[in-house]
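The values are calculated or read from the model by the stated rules, or taken from the named source; none is laboratory data. In this text, all values refer to a predicted model and were calculated from it rather than measured experimentally. Because the Cβ atoms are built from the backbone with ideal geometry, glycine has one as well, and the counts that use them run over all protein chains shown.
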Amino acid sequence: MQKFLLALAAAGYLATPALAQTTEKLDAAALAKIKDEGLNRSKVMETAFYLTDVCGPRLANSEGLARANAWTKKRLTDYGLANANVEAWGDFGRGWDIDKSYVAMTAPYYHALIGVPKAWTPSTPGNLRKSVAYVNVKTEADFDKYKGQLRDKIVVLPVATPPQPNFEPDAKRLTADDLQKMADAPAGGAPTAANRPAEPNTADRMAAMRVARELRLKLTDMLLAEGAAAILSPGRGTDGTVFTTNGAPYAADAKPVLPELEMSSEDQLRLIRLVEAGIPVEVEMETKTHFQTQDLKGYNVVAEIPGTDKKLKSEVVMLGGHLDSWHAATGATDNAAGVAVMMEAVRILKASGLKPRRTIRIALWGEEEEGLHGSRNYVKNHFADPATMQIKPDHEKLAAYFNLDNGAGKIRGIYAQSNEAVKPIFTAWLQPFADMGASTVTLRNTGSTDHIAFDAVGLPGFQFIQDGLDYFSRTHHSNQDTYDRLVPDDLKQASVVVASFVYNAAMRDQKLPRKPLPAAVKPQ
């Protein structure tokens, strides 16, 4: 049976040249309704406000994410969508929330410091007021010189890259030249995140990163064994921006670690300079964090606009973005913006009274930040397992998946993900939005977000091209990722583009063409 399904899938999913050349039927009246509703009666910023300021930070399996799950399910139901559900995808691990966080230098004088607890690190035992020790370990041989000197000390770690003057603006839009290069690019390429600054992943660089990671783990164990009170480590970023990470695993059986804050580079360097000058430094800090261990499952929020065509309503067009965020801010550009746009897209379609032939299903993914867990497990549970390529019946029914998760910039086009047969289709779909800045179709691959889960099992999954703005330079995973970084007109534009794409995919006589089924990929 399995061989038969694979053969049937391979035969049906390969796009033919004739299909690629089919003239697209665009419904001008429907498009006019979408633009009118999305541009003149938009709710996208209201949605973004609730996701950020009201629900708060939405770390994986945290109370904040649970609030967002419940709120989005209710809001989608209020929009008139059917079958809204908070759907478990499988086991994830512990949730974690911050109840209190405070850090300041109290000697040689008082100064408030910028610091954020690392995710999944424990509380301090009440308020600490301790002297500071600077620990600069470059090799394991350096451990010996700190033995017996760190008990009850707040340990400050070195800053690898001191801040430098920045003569470039934080926020940038894609230029006409940038977009032309993307349009001319051949299919394929490394699946990197869009607009991320180039970092060559050479073998030497990757090896150095592994060595540094292993050394840091051993340092953490040494500091715990030596009886240090807490750790202040440098966060990536300048000008008061701190890009956050996790300081411990989220696994239920993770071993103990010390309380740890990631600090602004400027504050960290001040502490280091004072200590190295022989001036006694004292820091006061208190963190209260708690773990959520009652429910270790991860969840996605799903809801539908049922299809109306007797033959096609069993087929599905999906759209989505990830609902979880990091914890230093309220996850506005990563990815409340994408979620708000996708929710606005389905609201527009319902409010416009349009009747899609296929079912439209929105999915708001959980636990994306820790490895695309929500989307990957949804795909595995509903469509196929990439490790075995065992196809499930619903695999054949998915017409397309559209994703948004590259910040809060307007849509400039779409990544065709090496699917040459969809390029002329998407080019036609974008023509009505050329005057709004969206016209580029690139065959380049892009990665690092949830469309990858669909692409990995041969399903047509796509991410839109967006203006980068200050996503990687300032907001991505940082304490600056707040509602104020959102651009209302950009999110309105993105909402109508997405609504149009989803509607077009739901109305076509055929599903979007597919690439050949990939080979099974065993997990590493």
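Structural remarks
- When residues of segment 106-119 are limited to those that are part of a loop (DSSP other than H, G, I, E, B) and under 25 Å from the mean Cα position of the chain (by Cα), the one nearest to ALA277 (Cα to Cα): ILE114
- Residue in segment 429-452 that is in a helix (DSSP H, G or I), surrounded by fewer than 24 Cβ atoms within 10 Å (Cβ to Cβ) and among the basic types (Lys, Arg) present: no
- From the options VAL86, VAL103, residue that is surrounded by 15 or more Cβ atoms within 10 Å (Cβ to Cβ), in contact with a Leu (Cβ under 6 Å, 6 or more places away or on another chain), of a type in the set (Val, Ile, Thr) and not in a loop (DSSP other than H, G, I, E, B): VAL103
- Exactly one residue out of THR287, THR333 is of a type in the set (S, T, N, Q) and more than 25 Å from ASN403 (Cβ to Cβ), and it is THR287.
- Hey, LYS288 of a type in the set (Lys, Arg) and in a loop (DSSP other than H, G, I, E, B) or not: no
- Whichever residue in segment 494-515 is of a type outside the set (A, V, I, L, M) and in contact with a Gly (Cβ under 7 Å, 6 or more places away or on another chain) and, among such residues, is farthest from THR23 (Cα to Cα): SER495
- Within segment 61-81, the set of residues being small (Gly, Ala, Ser), in a loop (DSSP other than H, G, I, E, B) and buried (at least 20 other Cβ atoms within 10 Å of the Cβ) comprises SER62 only.
Quick grid of which residues meet (1) free of Cβ contacts under 8 Å to residues at least 12 places away in the same chain; (2) among the charged types (D, E, K, R); (3) in a strand (DSSP E or B):
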position: THR121; (1), (2), (3): no, no, no
position: PRO125; (1), (2), (3): yes, no, no
position: LYS130; (1), (2), (3): no, yes, yes
position: VAL137; (1), (2), (3): no, no, no
position: ASP142; (1), (2), (3): yes, yes, no
position: LYS145; (1), (2), (3): yes, yes, no
position: ARG151; (1), (2), (3): no, yes, no
position: VAL159; (1), (2), (3): no, no, no
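- Residue within segment 470-482 that is outside the structural domain of VAL242 (by TED's automatic domain parsing), more than 16 Å from the chain's Cα centre (by Cα) and of a type in the set (Ser, Thr, Tyr) present: no
- Sole exception among (1) part of a loop (DSSP other than H, G, I, E, B); (2) outside the structural domain of ASN479 (by TED's automatic domain parsing) for LYS311, by number: (2)
- Of the residues making up segment 407-428, those that are assigned to a loop (DSSP other than H, G, I, E, B) and closer than 24 Å to PHE383 by Cβ are ALA416, GLN417, SER418, ASN419.
- Leading residue by the ranking (farthest from the chain's Cα centre (by Cα)) among those in segment 190-235 that are surrounded by 15 or more Cβ atoms within 10 Å (Cβ to Cβ), in a loop (DSSP other than H, G, I, E, B) and modelled with pLDDT of 75 or more: GLU226
- In segment 289-341, of all residues being of a type in the set (Asp, Glu) and under 27 Å from GLY409 (Cα atoms), the one that is surrounded by the most Cβ atoms within 10 Å (Cβ to Cβ) corresponds to ASP324.
- For ILE272: the one exception among (1) in contact with a Ser or Thr (Cβ under 8 Å, 6 or more places away or on another chain); (2) assigned by TED's automatic domain parsing to the domain that holds PRO108; (3) in a helix (DSSP H, G or I): (1)
- Contact annotation: residue pairs with Cβ atoms under 7 Å, 6 or more positions apart or on different chains, pairing a residue in segment 254-270 that is surrounded by fewer than 24 Cβ atoms within 10 Å (Cβ to Cβ) with a partner that is hydroxyl-bearing (Ser, Thr, Tyr) and assigned to a helix (DSSP H, G or I), are VAL257/THR220.
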